[in-house]
1. Is there a residue being in contact (Cβ under 8 Å) with a residue 40 or more places away in the chain, in contact with a strand residue (DSSP E or B) (Cβ under 8 Å, 6 or more places away or on another chain) and buried (at least 20 other Cβ atoms within 10 Å of the Cβ) anywhere in region 26-34?
2. Determine whether region 324-336 contains at least one residue that is charged (D, E, K, R) and surrounded by fewer than 16 Cβ atoms within 10 Å (Cβ to Cβ).
3. Restricting region 346-362 to residues that are under 24 Å from G470 (Cβ atoms) and polar (S, T, N, Q), which is nearest to the chain's Cα centre (by Cα)?
4. Where in region 1-72 are the helices (runs of 4 or more DSSP H), entirely inside, with at least 1 residues that are out of contact with any Phe, Trp or Tyr (no Cβ under 9 Å at 6 or more places or on another chain) and under 30 Å from G275 (Cβ atoms)?
5. Tell me the strands (runs of 3 or more DSSP E) entirely within region 223-341 that contain at least 2 residues that are touching a helix residue (DSSP H, G or I) at 6+ places or on another chain (Cβ under 7 Å) and not assigned by TED's automatic domain parsing to the domain that holds T456.
6. Can you tell me which of (1) in the same structural domain as V37 (by TED's automatic domain parsing); (2) farther than 30 Å from P227 by Cα; (3) without any contact (Cβ under 8 Å) to a residue 60 or more places away in the chain is the one D362 doesn't meet?
7. If we keep just the residues of region 363-396 that are among the small types (G, A, S) and within 19 Å of the chain's Cα centre (by Cα), which is surrounded by the fewest Cβ atoms within 10 Å (Cβ to Cβ)?
8. Among residues belonging to region 150-174 that are of a type in the set (A, V, I, L, M) and surrounded by 15 or more Cβ atoms within 10 Å (Cβ to Cβ), point out the one that is farthest from A213 (Cα to Cα).
Amino acid sequence: MTEFETFLERYPTFTKTESIDALRKTDYARLDRGEHVYLDYTGGGIYAESQIQKHQQLLRDHVFGNPHSSNPTSLIATELVEGAREYILKFFNADPDEYLAIFTSNASGALKLIGESYPFSNGRYLLTFDNHNSVNGIREFANARGAQVTYIPVMLPDMRVDASQLDRELARPSTLAPGASAGESGNNLFAFPAQSNFSSVKHPLEWIEKAHAHGWDVLLDAAAYVPTNRLDLSKVKPDFVAISFYKIFGYPTGLGALIARKPALEKLQRPWFAGGTITVASVQGGKYYLADGAAAFEDGTLDYLGIPAIEIGLKHIESIGYDVINERVKTLTGWLLDNLTEMKHSTGEPLVRVFGPTKSTDDRGGAVTVNFYDQHGQAFDHRFIESEANKVNISLRTGCFCNPGAGEIALGISRVELDVCFTRPDHKDVMSIDEFRKCIDGKSSGAVRISVGMVTNFNDVQALLAFARGLLS
């Protein structure tokens, strides 16, 4: 029996995804022409050739002008921008009477809008250890406004959240907002990722309504989730959702969105205004009026030539279907986990340690984060693994993936060690990885992330497994 036959015997539903193999031969043929083994889908999606062709044809056929006008070329651009905005809401099944789509540069830009504008004063900011740094960064705004910042830990080995502690904290919203009456909740924001960009754990979306029941606003970082999972905003209703489109379908880069519930959006107080965000501003009067709706949060001129490519990309995903994409990722991830966790050196030492769920592909995504170990149980430097993978044209990612909380738990880096690093006498504003590793007594400062995505095929996974076997001794 061939390995592929063994794989199909273990994961028979993979055959339901054969349409992706056919699509790869046409729309993604460059992957195989260049013999690229691309396994960094959590870092960025791969665009289809048809997406580029359709966008280029649109640009060839029309003349577009800056939307901030009512001349003919501006009106054509405005129509396409607003059409893309409407299509985003349709794609996520978000009622346009309830939600707005605000264009940003990426998910980080969307998160910064929340951080700088949320009325944190005397409120609470609750988040998990397992968050991207762009979510962690919001704490700086919260701290500056006197809010209480609380982190909920994740627990090894699966790196899921301590549910009992989360329940306790959600039951304790601040009631100290100015003007709040007895028993009335203040301004409290709870932030979490729908899917971890470190461990690939899918956190329960049921947390959203649980938080709402206690008076919290909810910020959902969906950047790692929506490339392979449908987010239906008619069924779950976070107040704010941050996404990057290149992570879903590769092109264009530099465009994301904040999808926000209108009542929650009304709470936000922008600290400045810019071109496009106001209806009237006065120099002599020193006053201004913000524009209504999404425009108040879209600084300057939008990427009106790039935005039409978003609708093209979303339609491309719809043509494939999330059910097919999800099944492809689930089955290949299962095979990858099965094989990596079985690999052992001649001494009996395991080759890898996986940071995240290994026993099931339910409630986890396609990123498999590991460290590799030698026959004596000593970790290979993650940078060495990346260097060796580069030699055989395998693209994976190493480091902590802008998720230090999950990384600290996974790698066993303690609060005491971190306090030493950040308060040392020779502390500088810049610290290299080597300096950091020395500071934490030589512990590993990162891991290796292998992420399966929409157009990954069986041969890609086999190439990675062959590379891993080459590290055995």
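The values are calculated or read from the model by the stated rules, or taken from the named source; none is laboratory data. Just so we're clear, the structure is a prediction, and the values are computed from it rather than from any experiment. All Cβ positions, even for glycine, are placed from backbone atoms using ideal geometry, and neighbour counts span all protein chains on display.
1. No; the residues of region 26-34 include none that is in contact (Cβ under 8 Å) with a residue 40 or more places away in the chain, in contact with a strand residue (DSSP E or B) (Cβ under 8 Å, 6 or more places away or on another chain) and buried (at least 20 other Cβ atoms within 10 Å of the Cβ).
2. To start, the set of residues in region 324-336 that are charged (D, E, K, R) comprises 327-328, 330.
If we keep only those that are surrounded by fewer than 16 Cβ atoms within 10 Å (Cβ to Cβ) too, we end up with none.
For region 324-336, residues charged (D, E, K, R) and surrounded by fewer than 16 Cβ atoms within 10 Å (Cβ to Cβ): absent.
3. Initial filter on region 346-362 (under 24 Å from G470 (Cβ atoms)): 346-356, 358.
Of the ones still in play, those that are also polar (S, T, N, Q) are 346-347, 358.
Working: S346: 38, T347: 38, T358: 21 Å.
Here the answer is T358.
4. Working: elements: 3-10, 18-27, 29-33, 49-61.
Per the criteria, 49-61.
5. 240-244, 256-261
6. Of (1) in the same structural domain as V37 (by TED's automatic domain parsing); (2) farther than 30 Å from P227 by Cα; (3) without any contact (Cβ under 8 Å) to a residue 60 or more places away in the chain, only one is false for D362: (2).
7. At the first step, the residues of region 363-396 found to be among the small types (G, A, S) are 365-367, 377, 379, 387, 389, 395.
Within this subset, residues satisfying the condition of being within 19 Å of the chain's Cα centre (by Cα) are 365-367, 395.
Values: G365: 30, G366: 28, A367: 29, S395: 17.
Only one residue fits best here, namely S395.
8. Residues of region 150-174 of a type in the set (A, V, I, L, M): 152, 154-156, 159, 161, 163, 166, 170-171.
Next, from what is left, pick out any that are surrounded by 15 or more Cβ atoms within 10 Å (Cβ to Cβ): 152, 154, 159, 161, 166, 170.
Working: I152: 19, V154: 23, M159: 26, V161: 19, L166: 14, L170: 9 Å.
Applying the filter and picking the extreme gives M159.
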